[in-house]
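Structure, as structure tokens:
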Amino acid sequence: MKSGIHIKLNIFIFLLLVFGKISGQTITIPIETKDNALVLQTDKENRLWIVYFGNKLVNASDYLGTSQQYHFPEGNSGIYNNAYTPAGTWNLSEPALQVTHADGNPSTELKYMSFQKKNEAENITITIIKLVDPVYKLNVDLYYKTWNNENVIEQWTEITNNEKSDVVLNKYASANLFFSNKNFYLTSFQGEYLKEMQPSEEKLGQGIKSNESKLGTRAMLLGTPNFILSFDGPAKENTGHVILGQLAWSGNYKLDFEITSNKTLRFIAGINPYESAYTLSAGRTFKTPSLIYTVSNNGTGQASRQLQSWARKYRVLNGEGERLTLLNNWEATYFDFDEPKLSALFKNAKSLGVDMFLLDDGWFGNKYPRNNDDAGLGDWQENVKKLPHGIGYLVKEAKTAGVKFGIWIEPEMVNPKSELYEKHLDWVIRQPERPEKYYRNQLVLDLSNPEVQDFVFGIVDDLFTKNPELAFIKWDCNAVIYNAYSEYLNKNKIPQTHLYVDYVKGLYSVLQRIRAKYPTVSMMLCSGGGGRADYELLKYFTEFWPSDDTEPIERIFLQWNYSYFFPSITTDCHVTDWGKQPVKFRVDVASMGKLGFDIVANKLSKDDLNFCQDAIKNYDSFKDIVWHGTQYRLASPYENPVASIAYVAEDKSKAIMFTYLHSTRFMENATERPIQLNGLDAAKKYKIKEINLYPGTVSSINSNQVYSGDFLMKVGINPDVNGKRTSVVLEINELK
Ligand code: DGJ
């Protein structure tokens, strides 16, 4: 009965909108999710405007009147809220689209043509709005894909050239948004090698704040296309209206946040137009990358949970599946290993209790052996001195030891000291007339060239064809693009300004081929630390490496920051020898993501080894909740000497809470107050047990006490973190 009314209402709204179109009146197009609405509307001249972005209204027909309630002064204000702002005509502010038409004219106007709404699947709706230039045959289709329950919107644009010959796209944003609120706070995530994802929040003032990258491949080394926008005050964890999102593009990006003269905000996001004018031949369509964002009225906590849940269900490869715990040899051996050393490490992996051994850099190259980071990249044949019996032998040896085997590659790169460089200089991105400039002694291969794409695909294909039991690939990418120039584009008379874009498209095309042939095998996205983690690449990868900085206190902060955007199942966290924290602290921190080890296990003391073995068993018992449960950031390391995060099972019957003392400056205050849990069932009864106890220590938590969920969420629990207990893991179990 209830759903019948709902259907009638929808038909009514649909008729209203269609009627509006037939009679030449205002067209109103709401893009709704469970709690929010983005509303577009046409004016008398058939231009399309954003007239509302906020809480969803009960009656969609009410959106018709929203625009009348704003009385911004005349002048520039009339151009600020365009749904996709063209350049060269009436608009004098930052454009979303800038085109040179076939006849050389640089002006574009966009008028509304039609829209279409489709239910793609349960929970997923797609709205396509068609715009057209009334003078030139240029079509622009705006796509809005929504996931209702997760309040997630994915927006992209398709530009079609129906003119007689080439047009040049000088700027082609993915999305152009407008917010009529008044005070805007932007959190950007910037960094450096070993300092990835450092947040910085600022109140936006009039003018444009740009976040961008021009690095080419490792575009996120210095900054990221992730953002948090908070309205009316700095972003908070559990209150306030926030938008949290990312441009899903693995190359140069540009996010422009423009506070207008009316104190409203325009937001334009897309591929960085820097050196990227794109020639679109007649009849062709250019599809931009997606801007993906979620809206929350309950702070960043809810926003992250929405995005994490969306990512697991709909985006990340095998997001709801399983992952492999592992022992990696990078920090244990660096380039210095051979078969006997590796065989010993396989046994270490087994005795620790992880699922897999991961062989890192250094296994290839013969004329130029990869014994250091200055040679061998590009020559993907086993080094006969180190590995005389080849990879196949290692896969078998690992299997005999009882673990799976995975391998590191960096297929987009080449060292000048390599046979590949000697044979295929034309495959290398470099300016032929200028001295080469290296990043980590290497150069980038030209993935705009289909032959190079075949070569990169071939590296992976060859490994899997020869070793069908290979369980994992770590795909690294350590260099940025210097001296951007492609011999392939030159030969084919394609403008050099296609290189940055076609490189990334080439990479996606290789990954599509890999996934068509090897759909499920786990692959880790790595980029000399965390220079690459985005929702376009995570369609093909199961996880990513957040940083080479594995010092556990820094990791608390790093993992905290990544968790705004990514679910724990995607975040690889390895226990290493970095820093001064005891092994328990290191393992506890790494257990908040996908756990791995990069240590010399046979050098661990007996107690440390026993602790690790038990902790891995514990991890196996709760990993389902860390990977697939709901994450609650309980106490921020930025605001407290302690940091606390909990993961709650979907049915609320179990939770795991991690708490750390990360700063000893205020150590005496660390146990003063309890920490309130979140996401439990208020009516359920729970018992709390401390796990991951170091051998010989006794917990100070009373495991017999019974608490209501209500108590734990309102009063909280005191994990008793102090100088002697700097890291505490609590298992919260429903009393049945
Ligand atoms: C950079 C990565 O971040 C490290 O984990 C390691 O794989 C090295 N590259 C190997 O060269």
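What the table shows:
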| item | result |
| --- | --- |
| Identity of the residue in segment 322-380, among the acidic types (Asp, Glu) and crowded, with 19+ Cβ neighbours inside 10 Å, that ends up nearest to Glu419 (Cα to Cα) | Asp379 |
| Among the residues listed as Glu154, Glu163, Glu150, the single one being crowded, with 20+ Cβ neighbours inside 10 Å and part of a loop (DSSP other than H, G, I, E, B) | Glu150 |
| Verdict on Leu64 being modelled with pLDDT of 90 or more and more than 20 Å from Val168 (Cα to Cα) | yes |
| Filter pass, Asp588 being over 19 Å from Lys350 (Cα atoms), touching a Leu at 6+ places or on another chain (Cβ under 9 Å) and not hydroxyl-bearing (Ser, Thr, Tyr) | no |
| Residue count, segment 338-364 (criterion: within 13 Å of the ligand (Cβ to nearest atom) and over 18 Å from Leu595 (Cβ atoms)) | 5 |
| Boolean, Glu433 is of a type outside the set (Val, Ile, Thr), farther than 26 Å from Leu326 by Cα and part of a loop (DSSP other than H, G, I, E, B) | yes |
| Any hit, segment 303-315, residues being in contact (Cβ under 8 Å) with a residue 40 or more places away in the chain and either farther than 30 Å from Ser174 by Cα or in a strand (DSSP E or B) (or both) | no |
| Test result for Ala332, of a type in the set (A, V, I, L, M, F, W, C), within 13 Å of the ligand (Cβ to nearest atom) and not in a loop (DSSP other than H, G, I, E, B) | yes |
| Scan of segment 533-558 for residues that are crowded, with 24+ Cβ neighbours inside 10 Å and more than 16 Å from the ligand (Cβ to nearest atom), ordered by number | Asp534, Tyr535, Thr542, Pro552 |
| Those residues of segment 58-113 which are among the acidic types (Asp, Glu) and over 35 Å from the mean Cα position of the chain (by Cα), in sequence order | Asp62, Glu74, Asp103 |
| Total residues in segment 704-736, condition on the phi > 0 side of the Ramachandran plot and either touching a Cys at 6+ places or on another chain (Cβ under 8 Å) or among the acidic types (Asp, Glu) (or both) | 1 |
| Matching residues in segment 455-512 - criterion: being within 26 Å of Pro546 (Cα to Cα), touching a residue at least 60 places away in the same chain (Cβ under 8 Å) and among the β-branched types (Val, Ile, Thr) | Ile459, Ile473, Val480, Ile481, Val501, Val504, Val510 |
| Candidate set: segment 507-535, residues that are among the charged types (D, E, K, R) and modelled with pLDDT of 95 or more; chosen: the one farthest from Tyr274 (Cα to Cα) | Lys517 |
| Some residue of segment 497-506 being of a type outside the set (A, V, I, L, M, F, W, C), modelled with pLDDT of 95 or more, more than 16 Å from the ligand (Cβ to nearest atom) and assigned to a loop (DSSP other than H, G, I, E, B) | no |
| Enumeration of residues in segment 521-535 that are of a type in the set (Ser, Thr, Tyr) and in contact with a Leu (Cβ under 8 Å, 6 or more places away or on another chain) | Ser522, Ser527 |
| Sole residue being in contact with a His (Cβ under 9 Å, 6 or more places away or on another chain), of a type in the set (D, E, K, R) and either outside the structural domain of Pro289 (by TED's automatic domain parsing) or at positive phi (or both), chosen from Glu451, Glu487 | Glu451 |
| Of all residues making up segment 460-494, the number that are more than 16 Å from the ligand (Cβ to nearest atom), closer than 28 Å to Pro432 by Cα and surrounded by 15 or more Cβ atoms within 10 Å (Cβ to Cβ) | 10 |
| Positions within segment 385-434 being away from the ligand (no atom under 16 Å from the Cβ), over 28 Å from Val354 (Cβ atoms) and surrounded by 18 or more Cβ atoms within 10 Å (Cβ to Cβ), in sequence order | Pro416, Leu420, Tyr421, His424, Trp427, Val428, Ile429, Arg430 |
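The values are calculated or read from the model by the stated rules, or taken from the named source; none is laboratory data. Quantities reported herein were computed from a predicted structural model and do not represent experimental measurements. All Cβ positions, glycine included, derive from the backbone under ideal geometry; neighbour counts span all protein chains shown.
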